[in-house]
Structures are given as C-alpha cells and as structure tokens.
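These notes are about the structure you will find just below.
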Amino acid sequence: MNIFKKIYNYRELLKTNVKKEIRGRYKNSFLGILWSFLNPLLQLLVYSVIFGALLAGGDETYPIYICVALIPWTYFTTAISQAAFTVIGNSDIIKKVYFPREILPISVVTSGAVNFVISTIIILAFVIFSGVGLSWYIVLYPFILLIQYILLLGIGFIVSSVTVYFRDLEHIIGVVLMAAFYATPIVYNIQQLPHALQVLVNLNPMTHLINGYRDIFYYHQMPNMKMLLILLGISIVLTIVGYFIFKKLQKGFAEEL
Amino acid sequence: MKENEDNIAIKVDHVYKSFNIYYDRANTLKERALFWMRNKRKEKREVLKDINLDIKKGETVALIGVNGSGKSTLLKLMTQIIFPNKGTIETKGKLTSLLELGAGFHPDFSGRENIYFNSSIFGLTRKEIDERLDKIIEFSELQDFIDNPVRTYSSGMYMRLAFSVAINVDADILLIDEILSVGDQHFQEKCFNKMRELKKEGKTMVFVTHSMDSVKNLCDRAVWLSNGVVRMDGNTDEVVDEYLKETM
C-alpha cells in the first residue's frame, strides 16, 4: 500500500512530531515532565477517596484497582481529544507545505502511547509496593497496548478530519468522553451494575481493554483472549475505514482551515 | 506520444479550480441549523478554467500574469496543498515548494533544530539532513547565530535560513513563488547563482514572479495566465514582451 511507503519516507517528520509533542506538552511548566506522573497520581488520589468511600466497602487494594484502569483510560481520552484538534492546530503548515497529512493524527496517537508506556511505571510501582505483585501475564501488555493503539488510530483519523468541517465535534467529544468514563468499569466493578446496564457497558470497546489490563496487572489471570481478538479485528476495520474518510476529507483541509 | 511521456515532469490535464466564497459562514451545527438559509449565500469563483500544461524535465518555466490571474493557485495545485475540482495534475520526482518560506519554523527552537524540523517536513531523513547540515548553514551565512532561537532572528536572517533549507533539499522539481527578493543584494545574487546552478543540473523549476527581469534572466519558457486561462505560452522573450505591451 502506498500509505506505508509515504509514512516511511516521512519517518523523520513523524519522529520530530512525536518528540515535539512529548517535549512541548510540559514546556515552560515548573515541574516539567514530572507532571506526566503527578497528573494521574493526583487524579487517582481523588477517585480513590471519593469512590473508595462510595463503592469499595473497605477494600484496601481499591486504589490499585482504579490505577490499572485509569492510566490506560487517560491515554484513551488525551489521544482522542488531541487528535480532534491536531489538524486545526497545525493549520499554518497545512496551508503552506505539502506533507502526508496522516502524519498528524498518527503522531498524536503515537506520542500518547509513549507517554502511556512511561506512565505504566506508576502501575508497576503500585502493584509491587502494595503487595499485589507481578505475574507472567504481564507479557501480554504489548498486545493489549497494540489493540488500543490501532483502535485509537481509527478514531484519530476520523475525529481529526471531521472536526475540520464540523467544529462542534471538538466539544461533542468532550461530553462523550466524560460519559464514556462512567460507561467503562474504571471506578466500579461491572458486576455491581444491573443487567441492562452491563449489556450497555459491554458494548464499549474500552471496557474490554480495561478488563484486559486489569487481568494482567491486578487479578493475575488470563485475559479474555477471544474478546480481545474480536476487538483487534474491529479496530483494524475501523482504522481502514477511518483512513479512507481521512483521505477523502484531507483534500479540502487547506481550503477549509 | 508515448516516448514523450517520460520526459514530462509536470502534467496538468484539463484542470478546473473554483473556490467557494461564503458571505456568512456557518461553522457549527447550531449555526447551520438556525441559518441554513444564509448558507446559500455563497458564490463560486472559477480561478482556473481548463488548464493544460506539460512541463518537461529540466525546463525552467515562469508563470506570469496580473494579480488574481490564478498563478499562485496553479502552483499550489502542483504542490498538492489544494486539489483540482476537475482534471488531474501529475508530477514525477521529488518536489519542493518554496511557496511560504519558513512555514513550520518554531520560534523557540534554535536555527539548527529548525533546519532539522523544516527539512523533515520536506521528507528528508535524519541521515540526509546530517549530510546537508553544513551546506545549509554555510549557504545561509548564519554560522554565528545558528544555535540562537529563531525568534531572535531578523526577518532577513529568517528568510535566508528558510531559503537555504528549501534549496538544499535536492528535489527534482522546485516550485518557487515570488521569493526572488530574499535578503539583501548580496544574498539575492547568491540565490540567483544557486538557481542557475540547479538549472544546469537539470532540475525542473516553475516560478511565479512579477519581476520580468528575473524571468528573462532565468527562464526559457513563460506561460501567461489571464483570468484563469492560458493566454500565451512559449519563448520567454516573446511572451514577456507581449505581456508588457498589454499591461503597460
């Protein structure tokens, strides 16, 4: 396929973009890169206190239970909301230079992945020091991450190109992601929900990714591989569809922006 | 006909381009729902009408014409920043556009870092940039300032750096829009010499400019665009003379 060759030719641009995004995120802030640890930690603290009191019923490992889900979730939401803005935010160079526009959403999703891998140190620190411990299932981490990456790529292609023509999407995404937080078993256990809601939550692709991360880090058990493979298939299809939408819409970028 | 195809660097085939001009643009869903009537108040302006142009490899072509005749639009179409409504444009070989110099320069990064970033937009790999770095810095004559942030540069220095990056990409096709006025007299001369050199190397170049002296100086063919159609196409001197006769 032509796209792979194009991306390969422009790999230096992809690399610089990813670097710029990681470095630029905390630029000029006093604590710098520390924020990528502090942010999820503080969020975690708030959720553990509030939802711990409401839902956990005295379970001491509850903060870990949230932690292993919250950090992949953060990757999910930041990647999508950044992807929605990336084409608009780079309108200056889009209007002036040719380069494969696909680089933009791809570098957002990739820099998010790098950040996520770094933040995984928090998960590891938590499970090790809390006594939950590690298990061999951790070798499945790259596989689950890959599915999430492909899923985000598909969503990224779609939201980054559609927002150019339909600016409301940026705000709609914010609301949808907020609702999706509660439609994903991050702070609660899916078993705590009434049956009808369980069905709904199970339709959410992130539910199965979160379950996967939780299985390997927290429960130390084999994730539901059948479910993950189905999700992988869906993600690949979504990415292909998303790419074609992007390819179609990108022709008008320079004029719309 | 077939054997000639290989010699063609840029093929513009029955290209039409029009822009929509909105008087009152609805950008959001709410506006679209409330003011859908207003959305109809747009006008279609045809900028290019049925342009056919074959530019051979190694040719140096000038696009001339008054403001608004569609020169820059045609150049943007060749760069693939915008796309035609009808017709096709094919280009063969690596292409660099010097349309907007310094696009994507990051003011807080140093000149050196910006060379890397800007070259990567042109599709160079790290290794290729490393190889060119010295040449680029030397050409820009910014040795003493190359590690300072670009925001501290004067506009002339900024343009010199941008031009040096773009000219050293080693593209087969160069598209150049009205930038023959980079820097001071000395640097302009240098640019001209560089372009002559590139011409000798057999690069294909397309210029958009209003400076008829540089057109006559550099180009072997001129295309006169008028109101979105090709008015005249041929030998530089003839086309330029005819153009000057008309517009003066």
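The values are calculated or read from the model by the stated rules, or taken from the named source; none is laboratory data. On a predicted model such as this, the values are computed, not experimentally measured, just so you know. Glycine also receives a Cβ, built like all others from the backbone with ideal geometry; neighbour counts cover every protein chain displayed.
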Original post:
In segment B:138-155, is there at least one residue being modelled with pLDDT of 85 or more, surrounded by 18 or more Cβ atoms within 10 Å (Cβ to Cβ) and under 20 Å from B:Gly58 (Cβ atoms)?
Top reply: no
Subject >> Criterion (over 30 Å from B:Ser154 (Cα atoms), at pLDDT 90 or above and away from every other protein chain (no Cβ under 14 Å)) met by exactly one of B:Val61, B:Val66 >> reply: B:Val61
Original post:
Say we look at segment B:93-133 and pick out the residues that are touching a Ser or Thr at 6+ places or on another chain (Cβ under 9 Å) and among the basic types (Lys, Arg); which of these is surrounded by the most Cβ atoms within 10 Å (Cβ to Cβ)?
Top reply: B:Arg132
**OP:** Select, from B:Asp233, B:Asp170, the only residue that is on the phi > 0 side of the Ramachandran plot, among the acidic types (Asp, Glu) and in contact with a Lys or Arg (Cβ under 9 Å, 6 or more places away or on another chain).
**Re:** B:Asp170
Original post:
Pick from B:Tyr243, B:Tyr158: which is more than 30 Å from A:Phe99 (Cβ to Cβ), part of a helix (DSSP H, G or I) and touching a Gly at 6+ places or on another chain (Cβ under 9 Å)?
Top reply: B:Tyr243
Subject >> Residue among A:Leu34, A:Leu70, A:Leu42 that alone is more than 14 Å from every other protein chain (Cβ to nearest Cβ) and over 30 Å from A:Ala183 (Cβ atoms) >> reply: A:Leu34
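If only one of A:Ala125, A:Ala113 is in contact (Cβ under 8 Å) with a residue 24 or more places away in the chain and surrounded by fewer than 22 Cβ atoms within 10 Å (Cβ to Cβ), which one is it?
Numbers: A:Ala125 fails: in contact (Cβ under 8 Å) with a residue 24 or more places away in the chain.
Of A:Ala125, A:Ala113, the one residue that is in contact (Cβ under 8 Å) with a residue 24 or more places away in the chain and surrounded by fewer than 22 Cβ atoms within 10 Å (Cβ to Cβ) is A:Ala113.
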**OP:** Check whether at least one residue in segment B:186-205 is closer than 22 Å to B:Ser72 by Cβ and small (Gly, Ala, Ser), and report yes or no.
**Re:** no
Original post:
What tally of residues in segment B:203-228 results from selecting those that are over 18 Å from the mean Cα position of the chain (by Cα) and either surrounded by 15 or more Cβ atoms within 10 Å (Cβ to Cβ) or without any contact (Cβ under 8 Å) to a residue 60 or more places away in the chain (or both)?
Top reply: 4
**OP:** Count, please, the residues in segment B:174-194 that happen to be of a type in the set (A, V, I, L, M, F, W, C) and more than 16 Å from B:Leu101 (Cα to Cα).
**Re:** 1
**OP:** Given the conditions (1) without any contact (Cβ under 8 Å) to a residue 12 or more places away in the chain; (2) in contact with a Lys or Arg (Cβ under 6 Å, 6 or more places away or on another chain); (3) of a type outside the set (Val, Ile, Thr), report the number of the one that A:Pro100 does not fulfil.
**Re:** (1)
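Need at least 2 residues that are touching a residue at least 24 places away in the same chain (Cβ under 8 Å) per element, so show me which helices (runs of 4 or more DSSP H) inside segment A:172-253 make the cut, counting only ones lying wholly within it. Full working, then the answer.
On the way: elements: A:195-202, A:205-214, A:225-249.
Result: A:205-214, A:225-249.
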Subject >> Matching residues in segment B:111-139 - criterion: being over 20 Å from A:Tyr10 (Cα atoms) and touching a Phe, Trp or Tyr at 6+ places or on another chain (Cβ under 9 Å) >> reply: B:Gly111, B:Phe139
Original post:
Which of the residues spanning segment B:103-127 are within 24 Å of B:Leu75 (Cα to Cα), in a loop (DSSP other than H, G, I, E, B) and either facing chain A (nearest Cβ under 9 Å) or among the aliphatic types (A, V, I, L, M) (or both)?
Top reply: B:Ala103, B:Gly104, B:Phe122, B:Gly123, B:Leu124
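So that you can scan it fast, the table gives a plain yes or no per residue for (1) free of Cβ contacts under 8 Å to residues at least 24 places away in the same chain; (2) over 14 Å from the mean Cα position of the chain (by Cα):
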position: B:Val66; (1), (2): no, yes
position: B:Ser72; (1), (2): no, no
position: B:Thr79; (1), (2): no, no
position: B:Asn85; (1), (2): no, yes
position: B:Leu98; (1), (2): no, no
position: B:Asp108; (1), (2): no, yes
position: B:Asn114; (1), (2): no, yes
position: B:Phe117; (1), (2): yes, yes
position: B:Glu131; (1), (2): yes, yes
Original post:
If only one of A:Val49, A:Val108 is at pLDDT 85 or above and within 24 Å of A:Val176 (Cα to Cα), which one is it?
Top reply: A:Val108
Original post:
Here are A:Tyr141, A:Tyr149, A:Tyr165: which of them is closer than 19 Å to A:Gln221 by Cβ and not aliphatic (A, V, I, L, M)?
Top reply: A:Tyr141
**OP:** Go through the residues of segment A:43-63 one by one and say whether even a single one is part of a helix (DSSP H, G or I), over 22 Å from the mean Cα position of the chain (by Cα) and closer than 23 Å to A:Ile3 by Cβ.
**Re:** no
Original post:
Which numbered condition trips up A:Phe143, out of (1) at pLDDT below 95; (2) more than 14 Å from the chain's Cα centre (by Cα)?
Top reply: (1)
Subject >> Test set (1) surrounded by 11 or more Cβ atoms within 10 Å (Cβ to Cβ); (2) at pLDDT below 85; (3) within 28 Å of A:Gln191 (Cβ to Cβ); (4) not polar (S, T, N, Q) - A:Tyr26 fails condition number >> reply: (3)
Original post:
Restricting to segment A:76-89, what's the tally of residues that are surrounded by 23 or more Cβ atoms within 10 Å (Cβ to Cβ) and either modelled with pLDDT under 90 or aromatic (Phe, Trp, Tyr) (or both)?
Top reply: 1
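Give the residue, chosen from A:Asp92, A:Asp59, that is at pLDDT below 90, surrounded by fewer than 17 Cβ atoms within 10 Å (Cβ to Cβ) and within 14 Å of another protein chain (Cβ to nearest Cβ). Spell out the reasoning first.
On the way: A:Asp59 fails: within 14 Å of another protein chain (Cβ to nearest Cβ).
Answer to the selection: A:Asp92.
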